[in-house]
Amino acid sequence: MKQEIEITVPTKWSAVTLRQYLKLKRDLDVYKDNDEAIIAALFHHLCGMDAAYINKLDIQTYTAIQKDLTEFFNNTNLPLEKIITIGGKKYGFEPNLSNMAYGAYVDLGKYETLQIDDKWAEVMSILYRPVTKHIGESYQIKGYDAVIDGEPFLDVPMHVHFGALSFFFRLLTDYQKGILKYLEMQQEVEIPHHIKSILTESGKLTLQSTNLPTGMLQNMRKSYENR
């Protein structure tokens, strides 16, 4: 007798919370050299499927889901969500990073890298604070009180987290371009020949350190395409 099962494959990061993502990421870290285990982890954490059910799938269904998951998982360059809602309460992203409270700046500086890991929820609690005033596109947020509580952000969807991370990627890129443009304008200043490569490499390393699963899944995509 055949058993029918319903499989839900996420197509948007709004369907995945940070709590779920971190559990998945831990498995990806453990099985980073095992493509089959990585796929099983994706099926389990994103589709709620255990190994017993995965093994019962026909090859066409299995391949189709694998393709959908790898394409979905690589789409992490998302727009910044300036205002979000947690537990019915509005939180706003720091509206003026250049004028951010010194305490917030110091606390952010305690994290060696900005990457989505077990400490990321704490970073988000510094960047997103309760909205105190909201008129049109403008808003104000609660002053920084040095209370870091990442727990509420664990159940915030991943499109918000990736949006914040992508914002910093873009900020880094603009910063690098600004430095190069400034140096090029200073004709009397001798520009070290290696400065451009240093800035470019810095950006690459930052991107690599903040988005670990992407590299793994690119290999998985190649594996799928070679089937």
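Read-outs: derived from the displayed coordinates by stated rules, not from any lab. Owing to the predicted nature of the structure, the values given are computational and were not obtained by experimental measurement. Neighbour counts are summed over all protein chains in view; Cβ atoms, including those assigned to glycine, are modelled from backbone coordinates with ideal geometry.
The table below gives the values:
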| read-out | value |
| --- | --- |
| Neighbour-limited loop hits for trypsin sites (Lys or Arg not before Pro), region 8-101 (at most 10 other Cβ within 10 Å; DSSP other than H, G, I, E, B) | none |
| Filter on LYS32/LYS90; LYS25/LYS133; LYS32/LYS119; LYS67/LYS89; LYS32/LYS142; LYS67/LYS110 - keep pairs with C-alpha separation over 30 Å | LYS32/LYS90; LYS25/LYS133; LYS67/LYS89; LYS32/LYS142; LYS67/LYS110 |
| Residue-by-residue Karplus 3J(HN,Hα) for region 128-136, coefficients 6.51, -1.76, 1.60, Hz, glycine and proline x | 9, 9, x, 6, 9, 8, 9, 10, x |
| Placed amide H near LYS90: partners under 5 Å, 5+ positions off or other chain | VAL131 |
| Net charge of neighbours whose Cβ lies under 14 Å from the Cβ of LEU24, counting Lys and Arg as +1 and Asp and Glu as -1 | +1 |
| From phi via Karplus (6.51, -1.76, 1.60), per-residue ³J(HN,Hα) for region 110-125 in Hz, x at Gly/Pro | 6, 8, 4, 9, 8, 8, 7, 9, 5, 9, 4, 4, 5, 4, 5, 6 |
| Extension gain, ASP118 back to ASP155 (0.36 nm per residue minus Cα-Cα distance, nm) | 12.0 nm |
| Pairwise label distance in nanometres, PHE168 with ILE83, each label 7 Å out on the Cα-Cβ vector | 2.5 nm |
| Karplus (6.51, -1.76, 1.60) ³J(HN,Hα), θ = phi - 60°, over region 50-62, in Hz, Gly and Pro reported as x | 8, 4, 4, 6, 4, 5, 8, 6, 6, 4, 5, 5, 4 |
